[in-house]
1. Considering amide H positions built from the backbone, and no H for Pro or chain starts, which residues 5 or more places from A:Thr328, or on another chain, come under 5 Å of its amide H?
2. Which lysines have a Cα lying under 17 Å from the Cα of A:Lys551, excluding residues fewer than 8 positions away in the same chain?
3. Ranked from highest to lowest mean number of other Cβ atoms within 10 Å per residue, what is the order of the peptides B:273-283, B:365-375, A:502-512?
4. Fewest first, what order do B:Thr101, B:Thr303 take by the number of other Cβ atoms within 10 Å?
5. Between A:Pro782, A:Ser809, A:Gln726, whose Cα lies farthest towards the positive end of the dipole of segment A:700-827 when Lys and Arg beta carbons carry +1 and Asp and Glu beta carbons carry -1, centred on the Cα centre?
6. List, in order, the whole-Hz ³J(HN,Hα) value for each residue of segment A:336-349 obtained from phi through the Karplus relation with A = 6.51, B = -1.76, C = 1.60 and θ = phi - 60°; use x for Gly and Pro.
7. Which whole number gives the average, over all residues in A:219-230, of C-beta atoms from other chains lying within 10 Å of the residue C-beta?
8. Under the rule a/c < 1.5 gives rounded, and otherwise a/b versus b/c splits prolate from oblate, where does chain B land using the Cα gyration tensor?
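What follows is calculated from the coordinates using simple rules that are stated; it is not laboratory data. Remember, it's a predicted structure, so these values are computed and weren't measured experimentally. Neighbour counts run over all protein chains shown; Cβ positions are idealised from the backbone, glycine included.
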Amino acid sequence: MDKPTMKVTRRRFLQASGTAAGAAGAAIGTGQLVGLKPIGEAQAQQASGQTVVNKSICGQCPARCGIDIYTTDGRVHAIYGSNDHPIANGKLCPKGHLGTYILYDPDRFKGPMKRTNPNKGRNEDPKFVPISWDEAFKTVADRLNALRDKGESHRFGLFFGRGWGASDVGVNIAPFGKLYGSPNAPIGHSSICSDGSVLAKQCTDGNASYSSYDYRNANYLLIFGANFLEAFRPYNNNMQVWGHIRRDKTPRTSVTYVDVHMNQTAAAADRALLVKPGTDGALALAIAHVILTEGLWERSFVGDFTDGQNRFKTGQTIEPDSFTEKWTNGLAQWWNTELKDRTPKWAEAITTIPADLIVKTAREFGTTRPAIALFERGAHNHSNGVLNGMAIHSLNALVGSLFAEGGLAYQMGPAYGPAPADPADYMDDYAKNGPHKKMPRIDLQGHEDGYLMAKNMIQEVGTNHLAGKPYKLDTALFYMTNPCFSTPKAKDWEEALKSMFVIATSPFPDETSMMADLILPDTTYIERWQDAPTYPFQGWPLAQLRTPAVKPLYDVKTFGDTLIGIGKLIKGPTGEYYKKVESVENILRHLAKGFEANPGDNGVKDFEGWKAKGCWYKKPYHWRQVRGEFFEWDGKGWNKPMSPDQVKAKLMPTASGKFEFVSSYMEKKKDWVLKATGRDPAKYNMPHWEPPKYTGSGDLHFITPKTAMHAEGRSANLPHAITLFQPANGGNKQSLAELHPSVAKAKGIKSGDRIKIKSDLGEIFAIAKVTELTRPDTLVLPFEHGHWAGGRWSKGRGSHVDEITPAQSDRISGMANYYTGKVSVEKA
Amino acid sequence: MSTITNLAPDQASISRISNLRLMVGVTGLVLGLLAGIGLLSGGHATFNTSSLLTWGLPVSTYVFFVLTSTGLTFVASLAMVFGLKDFYPVAKRCVWGAVVTLVIGFISLGLEIGNPIRMLWVIPTNMAVTSPLWWMGLFYLTYAILLFWKFHLINQGDWSSQLSKLVGIASFVAVIFAHATLGSVFGMMAMRPFWYGPMVPVYFLITAFLSGLAFIMLFINLDYGVNQSNMSEGAARAMSRQLPAIFAIVLGLVIVFTIAKTMTGLWTNVPENKIVTQHIASSFLFQFELWIGMVLPFLLMLTAKRHEAKTQVVAGGLVIIALFIGRYEYVVGGQLVPMFKGAWADGLIDYTPSLTEIGIVVLAVSIGILLYAFGDKRLSLSDQPNA
Amino acid sequence: MTKWGMVIDLDKCTGCQACSTACQMENNRLPGENYQDVLYYTDRSQPTPKLVWFPRPCMHCEEPSCMHVCPTKATFKTEEGVVLVDWNKCIGCKYCMIACPYGVRFYTDEKPVIEPNVKDVFPGTGDLSWNPPYKGPQQDNAHGVGIQPHGVVSKCTFCYHKISKAPKGTSDLSNEDPALREYVPACVRTCAPTARYFGDLDNPNSEVSRLISDRDGARLLEHTGNKPQVYYLGRSAVVPGFKKS
């Protein structure tokens, strides 16, 4: 395979400077980052007529489908799902095929550049000039070394978006911060992603993770706001599953879907429940109520009344001793404190879902095994998000789906070999005991003043930096995240970037690049080495490999190698560590050594095999719960019975070792939780109903979902993707704002009209689509478009929703409450 | 020859109109070239037509002018095929008018087609006999050749030789087939209910005749300074007596046809017809077409003033506008309901011709005007056979 | 003789448009110029609105009205039942676009759906109306495969450059069979829920024949007499009528 080239050739330099000059020429006052020039012979490479198929992984969402990249005469012209890959199975989602356009995006950065205009702002031309990679690395390293010398290394932040597992980006990011000495390297983006579900799981079954799902064997799916057929991962495999469970499988799997507007999943499901935003928890509680009162819970998992007689009666408490629990904990307490009054009628008033539909859904869910209740952002992007998530996840416990066939579990990691170097061997005294050790994180994650239980708080960084609380950052490095565009109240981040030294690594112009002092452009996923253990899928371990299909088109570097390049120049043992690490490819060779002892099911046992197949995997998932008994895989079957201690250690690491309706994890932080949330001490740590705090004074819920064509932010500048963006509503030029006809009529708005959407933070403009698909109390406007910086197709197209999305986060999970805002609309 | 030998008393107004015509033609040519220049730089992408709505103004213009040519040939044929000698005084003008309008139509279509030059060899070599368009092409080509030949013959003074008569009859027959196949191009479209129907060729026949008559009412009067005393006695007689009567009758028929089509369109349940007809019928253009463009001229033609040149000019002009609108509505109307476009286009398709499309029409018409002016100056269009 | 046809199971189709993007990638389509399109229709009102979708390739009709009306025989049907456009013969009169009841055809020189026009970004030369760096290696103007020249009409070819290389006598082309994978039309190959099947309609034992028989395969707009070689299975294989929005 081709190895990335690192040299600055004369032609490369000319391309880079040509771009910069074009930008300067075309961009005075407009902040344009790129010149509008045709690209042509930049791609022309030697001709051979041979088509080469390369194994790699898609980079457009974290599902990491294995792909076959077709290259003929140096041109990448086709990408199909790899048949060797157990997620892709030869198939792809609509985004997967867009990869060729990403590679050949004409607005890509052509090489490293530095800013020459000290002023930053939307209308300031950065006046980038090309530099060499050596100069780029030296600039960064000099800054970081100087900070470290001053004892201010904590003022360096590394922010990343897409990463998973040991090697994240081809090189593990975490050691950089540890060795260099900053609590802020790295800060992930999980709090603007889906931490709500991670915390909901952690608080109930003890696993701080997304789940793996055995949909293929489930007979009922109850889905809350996880848009299974548009935006839930692994999208490609979800659809393969859909074809199977909805037609090929006997019996056919039933699906009930809960969301705030009619979308593909809602339309394809057997029943759509169009719920009032933020009230999914009430619906789940009422379903739990019916499951208990009608005696539909799974006795082998949950347990039973000692005399076998169902005493769950609406409004009546039970004697805690009368119920003996098996793998759950706190059911009686939950029932007595919360659930006994959560009737369908009660829920109807909150959710607007008719009580009879709630009862029907509950009966179906409670009587059809195996059944899975799953949820994502729709349910937990609210102030009550973790509570909603806990309530929904509790349904899985009630019907005994945890670790069951056709149920849900968690993901095993791959059998990787050790990395080339162990960071622990390279810690100097500063790294171990420097002043950074006493510093909180800039986002106040894990801090009493901030979000004690959150995993990350990237959305708070801009605001905290501006306020100087806890301090101000000096230098910030961004990898696959663009928080000044994508966090709520995005303008705080934007303002903050004006007073930091900003290093952007996106291959494409974006808002962060516009504010950047240095551009160190990354390769696209078609041009790079990189590994990725699977995103939670079906539990069994899977590690896939990205290999370059072509040499980088321009003078760009894979971010992993950029980080290594900078690391090598950091004084002291850090530099030594990175010299030992050497390169991304070297890391991958070391990781692959772990396969020798654990050959994959596809025969992969070394680096070469991994490269040829594109993935290593080893089925099955090792644990299974069968009618209330847990078993471990012994090499032939799930034959080894597990003791409660083993279950606690390996599967449900809660204090009780059971699924907890009353969370011990939250109890540990009781004082803080009560202070931060003001919740009732009697039920603060169990799934309970708390009305969501809507923000803003408007009359419409502002919901900004992800659509199928949203390639995790990478399709905004792809004209092919734009023209397919919102198929149900005809959005083929930009995202459209879905409005119910009653709203439209009251405001005199027609489809195609330009409208003004106002929140407390300001106003944005959008094009209206009047449709019955959306609730009358809701305005739906998908995110993705509305870039104020970007490529020729993305810039200025559509509406930037996060500019008016208020900054409110779930106090427990830290999850940004994207869907909490209320707005008003008028004709513009 | 019994042409008027004495100078007409109103020569001034004849030349005034003739100069005006030249001016309009030259100005139109310049404007048309300017607007149509987009075609050179941006190709057909400068059209507002698309895969949603494929045939737009240039095609409806083509239909309008080739049917006008058909109508003019009908009128000429009254004398030259059916022996109604009263119409001889306007026959040569009609034939030249037919030539000119045919040229306008062909220019408009030629600039609309992707590879017009390629037609020259792929059409004859492939014999696509299943295509109405192929037959239409064949018949219009035949018609064009015969028409030019016929004009050449009468221009030589050969009005009534065996050959001349045969060519006249042949061109009449050719144009009957031509317009019928053009009608079939639309009428066969079962998938487009607004167009579909066996009566479309008949509808085209009658409207074509009206179109020819309206051109005569307008242009022959203009040629003579809107003053029938400038005409020869025979021409004046034809223009003041028979032709207005025929014009009125055919106009009446077309009004009936228009109302009938609109009525059935409004009554039907097929959305491609009903909604489109509702859309069209409620438009200003249609109301203008019906009331100002047809009913008003019809009423004028019922009064005694129908014999007068001025009335005829007004009526002819209005009917020409009405028919032009009608062709546009017809061609565009059949495509207004998007076909299998789902939410990408979920309303009636919004089409207004682009500047380039309008430019092409202006260009084609201006060339026509200049050609006609040339004929008027150089080809003795008032000639008629010796009685 | 093989007669290629497609079966689309609407009970499985998730409306994801991967067929559309795979087709665009494989056949170098312009943005919004969807040889293969997925059409969405909305009906009824809150809280029980109806949303349906409908994947629509070219129907490759047994009696293609587009072919019948073509004045130059540029549109033709191969022996294996595939309807193609010979770009060397097409004069760009667009009558076929008018005559196709399924709206599957495109003219090269249309206004771009979105600006800037990719054709200007990746300008073509000679016979290519544009030439993006991701252009596929196949170019066969006589069969309407590849990037169009100016002034012609183009349409779905059932990925003719792939299926025409399939071994003679193949009953079904599916992604499942590694030996046949490269001959499968892009939309069929990528369809994640396996809602698409492609095979020989004349072979009574092909998967497509069985599905049409077992599941009552329906064809669109039977009244036009076009007799599509694309069959639909499952929920309401009917495209909603036009209504004013």
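1. Under 5 Å from the amide H of A:Thr328 lie the amide H atoms of A:Phe659, each far enough along the sequence or on another chain.
2. Reachable lysines: A:Lys3, A:Lys7, A:Lys55, A:Lys110, A:Lys611.
3. Top to bottom by mean Cβ count within 10 Å: A:502-512, B:365-375, B:273-283.
4. B:Thr303, B:Thr101
5. The residue sitting most towards the positive pole is A:Gln726.
6. 5, 7, 10, 6, 4, 9, 8, 7, x, 4, 4, 5, 4, 5
7. Averaged over the peptide's residues, the number is 1.
8. prolate
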